[in-house]
Structures are given as C-alpha cells and as structure tokens.
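Note sheet for the following structure.
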Amino acid sequence: QVKQKGRDGFTFYTQRFTDAARKKTEMESELHRAIAQNEMQLWYQPQFHLASEELIGMEALIRWIHPIKGMIPPDLFIPLAEESGLIVKIGEWVINRSCAQIRQWLDRNIAVPRIGINISGAELRQGDLLRTLSNALEQHQIPGQYLEIEITENFMMEDIEKAIKLIKELKNMGIEVAIDDFGTGYSSLSYLKSLPIRRLKIDKSFVIDIPKNTHDMAITKAIIAMGHSLDLEVIAEGVETREQQKFLHDNACNFGQGYLFCRPSTAENIERWLSKKE
Ligand code: C2E
Ligand code: MG
Ligand code: MG
Ligand code: MG
C-alpha cells in the first residue's frame, strides 16, 4: 500500500517536473524568437523631485509584447533570461534602444532627463557592460551624463572590489550608479560607504504599505537618514498615494517614482508628455 502510494507520488512528481521543464524550454525558445522579431519594447517611467515636483529622470523598463499572449511583464521572463544567458543579448538591446531613443529626442529638441537602465547581476558577470555602453554612447553620439545604471545590492556585495572598480569606470564615462531595490538584499552598511554610488532606490515593498505598516515606515525613514548621512541621494519607488508622497517628503526623501505621478509608458506617450511640458 505504502509502495503504491510512493509510486503514484513519484509519477505525479515527474509529471509535474517535466511539465515545468517543458514550459521553461518553450519559453526560452520563444524568448529567442522575441528578440529576433523585435517583440521587445522599452517603456519609461518619470521620476520627480518631491519638493518641487520637477522631472529629474526616467527609468527604462522592458516590456515583451507577445503576439498571442499579449504583454509579458519582466518579472516573468528576466529571471529565465538570466538563467539561460540570454540576458546579455537583452541587456545589449536595452542599452542600444535607450541610447537611440535619447538621440532621437535630442534631435527633436525634446528636453530629455537622465535615463536609468536596469542591469542584472548575470549580465554583469557574463557580458562586457563597459564596452557595450561605450559603443552605444559613441554610435549615438550622446554623453554618458544621460545615463544611470541601476544595480542591485546583492551584486555589489558579491565582490566589493570588482563593484568599486566598475562604478569608478562608469563614473569616468559620466554615468551615475544607483542601488536598486535597496533594503531587500544583504548589503553590509559598512561597505556602502566605500561604493562611489550616487543614489539609493528604496524598494517599493517598503513604500506600498505606508501608512498602514509602521515597521515599513520606520525602515523607510532609516534608509533615508542613512543615505543622507553617507551623502547619497534617495529615491522611493512605488509611490501610489498622496499620503506616501507627504510622508516621504516630510522625511526628506529627495525623489519619487510611482503610479501617483506617472505609470511606465511607451516612448510615444512619454514623448507627447515631455513635449507638452515645455
Ligand atoms: P525595478 O527595477 O525595481 O523597477 C520598478 C518596478 O516597479 C517596475 O516594474 C515598475 O513598473 C514598478 N512600479 C513603478 N511604480 C509603481 C507603483 O506605484 N506601484 C507598483 N505596484 N509598482 C510600480 P516592472 O516594469 O514590472 O519591472 C519589474 C522588474 O524587472 C524591475 O524592477 C527590474 O528588476 C526588472 N527589469 C525591468 N526592465 C529591465 C531591463 O531592461 N533589464 C533588466 N535586467 N531588468 C529589468
Ligand atoms: Mg530599477
Ligand atoms: Mg527597484
Ligand atoms: Mg524591483
């Protein structure tokens, strides 16, 4: 009886396993196709100075527009792209698309702020970020001052010396660096002071439950205070309500990004919005 049960359990398990594995392989080959057939789009989300509400930057966020399934959010395919190594290709596309877009806007006299590009750890380990960036900047004839790179704290902590070297080289090119999703990783606070970064981005998981969650409020306040004491700028992501904006502003958070101000949107929509602002 026990044996019977075990065998069923095993069959069930392998069935589920092969289903998951097949789905993954399918998704992987779809990803290959998606890149080849230009199904990826780069959307942008504005970032604001909380005190003056002035536009200070935009984050570039990838979208996969699947011909049948519709829009697939990055959380569903970036991890897979990281595992399969495809992230390097995707990252190169994102960098080139951002630079091409900035060039296009500059050519049309549209005031474009600094654009933040997300770079995942896998990309940094496998690709040649500096070369990809300098090639793109040169090809599109734009200064590095138009770019910011968002890196998560876990990558920085993996190899501090390497991270410092990379950030210094980016800085030499005029490119700023922000630590993304700050507070969710395992960065050691004492190392933070040795990284020549410009900004901390408070992860949206801390912002989203303000003012309901008093612990999140305490953490958010602490991150802002610590950031400032290290001479870093602090930006909050996931600002959805006036109350959250007020709390962040009252606690001297510099910048904010979130649905309250603007949702991520296509280059066309953002361009319309940017041109109207002037
Ligand atoms: P992230 O870098 O932390 O990006 C912020 C995420 O918060 C975005 O999700 C954005 O759409 C979302 N967001 C912004 N404001 C609000 C708000 O008020 N409320 C809520 N609930 N969410 C808000 P998205 O676009 O789905 O991207 C998810 C993650 O995928 C990003 O997190 C980033 O880690 C990754 N990602 C996106 N684009 C790229 C890319 O081009 N390359 C790489 N390597 N990763 C990317
Ligand atoms: Mg980001
Ligand atoms: Mg983030
Ligand atoms: Mg995030």
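The values are calculated or read from the model by the stated rules, or taken from the named source; none is laboratory data. As the structure is a computational prediction, the values presented were derived from the model and not from experiment. Quick reminder, even Gly has a Cβ in these numbers, built from the backbone with ideal geometry, and neighbours come from all protein chains shown. For accessibility, only protein heavy atoms count, side chains too; no ligands or nucleic acids. Shrake-Rupley method; radii C 1.70, N 1.55, O 1.52, S 1.80 Å.
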### Residue, farthest from the chain's Cα centre (by Cα), within segment 54-76, restricted to residues that are among the charged types (D, E, K, R) and under 19 Å from Ala236 (Cα atoms)
Glu54
### Message
Given the options Arg272, Arg198, name the one that is within 16 Å of ligand 3 (Cβ to nearest atom), open to solvent by 60 Å² or more (accessible area, probe 1.4 Å) and either modelled with pLDDT of 95 or more or of a type in the set (Lys, Arg) (or both).
### Response
Arg198
### Query
Quick one: would you say Gln37 is in contact (Cβ under 8 Å) with a residue 24 or more places away in the chain and either open to solvent by 70 Å² or more (accessible area, probe 1.4 Å) or among the small types (Gly, Ala, Ser) (or both)?
no
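Restricting attention to segment 166-187, which residues are open to solvent by 40 Å² or more (accessible area, probe 1.4 Å) and part of a loop (DSSP other than H, G, I, E, B)? I'd like the intermediate steps shown before the answer.
Here is the first cut: in segment 166-187, the residues open to solvent by 40 Å² or more (accessible area, probe 1.4 Å) are 168-169, 171-173, 181, 184, 186.
Of everything in segment 166-187, those that are open to solvent by 40 Å² or more (accessible area, probe 1.4 Å) and part of a loop (DSSP other than H, G, I, E, B) turn out to be Met173, Thr184, Tyr186.
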### Message
Every residue in segment 169-218 that is over 17 Å from the mean Cα position of the chain (by Cα) and of a type in the set (Lys, Arg), please.
### Response
Lys171, Lys193, Lys212
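Here is a yes/no grid of residues against (1) touching a helix residue (DSSP H, G or I) at 6+ places or on another chain (Cβ under 9 Å); (2) assigned to a loop (DSSP other than H, G, I, E, B); (3) open to solvent by 20 Å² or more (accessible area, probe 1.4 Å); (4) away from ligand 1 (no atom under 16 Å from the Cβ):
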residue: Ile102; (1), (2), (3), (4): yes, no, no, no
residue: Ile110; (1), (2), (3), (4): yes, yes, no, yes
residue: Ile115; (1), (2), (3), (4): yes, no, no, no
residue: Leu133; (1), (2), (3), (4): yes, no, no, no
residue: Met157; (1), (2), (3), (4): yes, no, yes, yes
residue: Ala163; (1), (2), (3), (4): yes, no, no, yes
### In segment 239-278, the residues that are out of contact with any strand residue (DSSP E or B) (no Cβ under 8 Å at 6 or more places or on another chain) and within 16 Å of ligand 4 (Cβ to nearest atom)
Glu240, Tyr259
### Task
Please determine, by comparing only the residues of segment 201-231 that are open to solvent by 20 Å² or more (accessible area, probe 1.4 Å) and small (Gly, Ala, Ser), which one is farthest from Asp181 (Cα to Cα).
Ser229
### Message
I'd like to verify a number: residues in segment 58-95 that are of a type in the set (Val, Ile, Thr), more than 8 Å from ligand 1 (Cβ to nearest atom) and open to solvent by less than 10 Å² (accessible area, probe 1.4 Å), how many?
### Response
1
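Residues being part of a helix (DSSP H, G or I), in contact with a Gly (Cβ under 9 Å, 6 or more places away or on another chain), open to solvent by 50 Å² or more (accessible area, probe 1.4 Å) and more than 16 Å from ligand 3 (Cβ to nearest atom): count how many of those fall in segment 139-155. Talk me through it step by step, then tell me what you get.
Of the residues in segment 139-155, the ones part of a helix (DSSP H, G or I) are 139-140, 144-146, 153-155.
So of that shortlist, the ones also in contact with a Gly (Cβ under 9 Å, 6 or more places away or on another chain) come out as 144-146, 153-155.
Restricting the remaining residues to those that are open to solvent by 50 Å² or more (accessible area, probe 1.4 Å) gives 145-146, 154.
Keeping just the survivors that are more than 16 Å from ligand 3 (Cβ to nearest atom) gives 145-146.
The qualifying residues number 2.
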### Message
Which condition from (1) within 16 Å of ligand 3 (Cβ to nearest atom); (2) modelled with pLDDT of 95 or more is the one that Ala136 breaks?
### Response
(1)
